[in-house]
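Notes follow the structure.
The values are calculated or read from the model by the stated rules, or taken from the named source; none is laboratory data. The model shown is predicted, which means the values in this text are computed figures rather than measured ones. For neighbour counting, all protein chains shown are included, and Cβ atoms are generated from backbone atoms with ideal geometry for every residue, glycine included. Calculation scope for accessible area: heavy atoms of the full protein, side chains included, ligands and nucleic acids excluded. Shrake-Rupley method; radii C 1.70, N 1.55, O 1.52, S 1.80 Å.
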Amino acid sequence: MITIKVNSLPVDLVIKDLATAFQLPYQLNCREYLVELSDDVGKGNIKAMMLESGLGIIEYHCKFKMDVEIQFVKDVTHPLKFLYCTKGSFNHRFSNEDTLHELQEYQQAIVASQDFNGHVITLKKDQEINLYSLEMDRERFMLYDECSSDLIKSDLHDIFGDVLAKKSFYHEGYYSLAMAEVFEQIKNFSDNYFLRTIFMISSGYQLLGNQIAQYQYDLNNEENRHILRQYEVSRVREAVQFIHQNIERTNTINDICKEVGLTETKLQEGFKILYGATINNYINDVRLTLASQLLRGTKLNISEIVYKVGLTSRSYFSKIFKEAYQMTPTEYRQLYIKKPSLDN
């Protein structure tokens with residue numbers, strides 16, 4: 001394992017310490033600092049940018065050839081960190097504690113160290129990691145002072161206002177679909193550095209706003225929580241795969257929920273957000289698409305096709321098919337039957 005001590009706190013200066021530790025050069029493009037990993041260290045890069053109002057962001061897109069422990073150890077009050085793992089996994093602990101917090105893909109954590117204690121992040125070798133660290137200098141974050149009334153009833157009110165770091169804080173969960181979309185946009189943004197700077201400032205505030213909203217919803221009971229999390233998105237996509245692979249079977253919504261481990265409410269919400277349809281409407285669309293393919297490309301009779309798409313009623317099949325294609329299944333098939341040439 002290689003251990004790196006970072007003695008700088010503004011996120012842009014963190015890159016300088018990392019570059020020095022790896023004996024690599026760093027680049028400065030507009031306001032973004034970048035260090036590209038060399039072949040002997042690994043693959044990928046680490047980026048950092050100071051945004052506005054005491055906010056900054058560090059991006060780790062890496063695959064190291066050795067375990068890497070990064071110790072943030074400067075003897076001052078450390079920033080409040082919002083950590084997001086979008087690929088792979090990593091470990092976090094407070095520098096004055098031995099307790100490890102392992103964050104997997106789709107997970108996020110809000111972390112604040114006590115007094116002048118720092119943070120230790122461990123990245124595992126031979127593992128591709130995408131880690132975002134949104135960091136807040138609470139003393140400089142002036143926007144909070146002006147607009148904090150909505151946080152009064154939340155623990156975050158005390159944490160945001162704890163500029164002297166009188167107590168530590170750790171909260172772990174899964175980040176939302178809205179936040180996942182921001183990470184995807186950050187990763188894929190490839191315009192010039194001036195526009196990227198503006199984009200990153202906007203993205204920082206989007207992440208912070210979504211994080212506050214998500215934390216407040218996390219305080220509710222599971223039954224009342226309605227923010228769709230990224231890990232739940234993967235379960236919804238598993239449900240879609242299950243539907244396609246088992247379309248011949250007459251699975252109920254409850255069967256699908258058990259298969260992917262989501263409640264019906266959460267699964268319905270996921271289908272509505274991702275596909276703009278209820279689960280039943282989506283299943284019908286899959287059935288009708290398959291039926292149209294079988295009508296065009298096979299000699300199966302209508303009853304056999306009804307069975308192939310997981311239905312039992314020929315009349316019901318004909319009804320929903322006509323509603324979708326404005327013709328009966330037989331009329332649809334006739335359109336694709338090759339007519340003999342007039343010359344023969």
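Return the only residue of Met49, Met66 being of a type outside the set (D, E, K, R), assigned to a strand (DSSP E or B) and in contact with a Lys or Arg (Cβ under 8 Å, 6 or more places away or on another chain).
Met49
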Test: residue in the range 8-27 that is within 24 Å of Leu208 (Cβ to Cβ) and aromatic (Phe, Trp, Tyr): no
Cβ pairs under 9 Å, 6+ apart, first in the range 302-320 and within 18 Å of Ile243 (Cβ to Cβ) and open to solvent by less than 60 Å² (accessible area, probe 1.4 Å), second modelled with pLDDT under 95 and of a type in the set (Asp, Glu): Val309/Glu248; Gly310/Glu248
Tally of residues being of a type in the set (Gly, Ala, Ser) and farther than 16 Å from Leu83 by Cα across the range 154-183: 3
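Would you confirm, using the coordinates I've provided, whether Phe183 is part of a helix (DSSP H, G or I), within 20 Å of His61 (Cα to Cα) and in contact with a Ser or Thr (Cβ under 8 Å, 6 or more places away or on another chain)?
Criteria met by Phe183.
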Pair list, Cβ < 7 Å and 6+ apart or interchain, from the range 220-249 residues that are assigned to a helix (DSSP H, G or I) and basic (Lys, Arg) to residues that are surrounded by 12 or more Cβ atoms within 10 Å (Cβ to Cβ) and modelled with pLDDT of 85 or more: Arg235/Val260; Arg235/Gly261; Arg235/Leu262
Qualifying residue in the range 269-288 (condition: crowded, with 16+ Cβ neighbours inside 10 Å, free of Cβ contacts under 8 Å to residues at least 24 places away in the same chain, more than 30 Å from Leu134 (Cα to Cα) and not charged (D, E, K, R)): no
Val233 being surrounded by 14 or more Cβ atoms within 10 Å (Cβ to Cβ) and over 26 Å from Gln326 (Cα atoms): yes
Elements of type helices (runs of 4 or more DSSP H) in the range 259-323, at least 2 residues being farther than 19 Å from Ile337 by Cβ and modelled with pLDDT under 90: 264-275
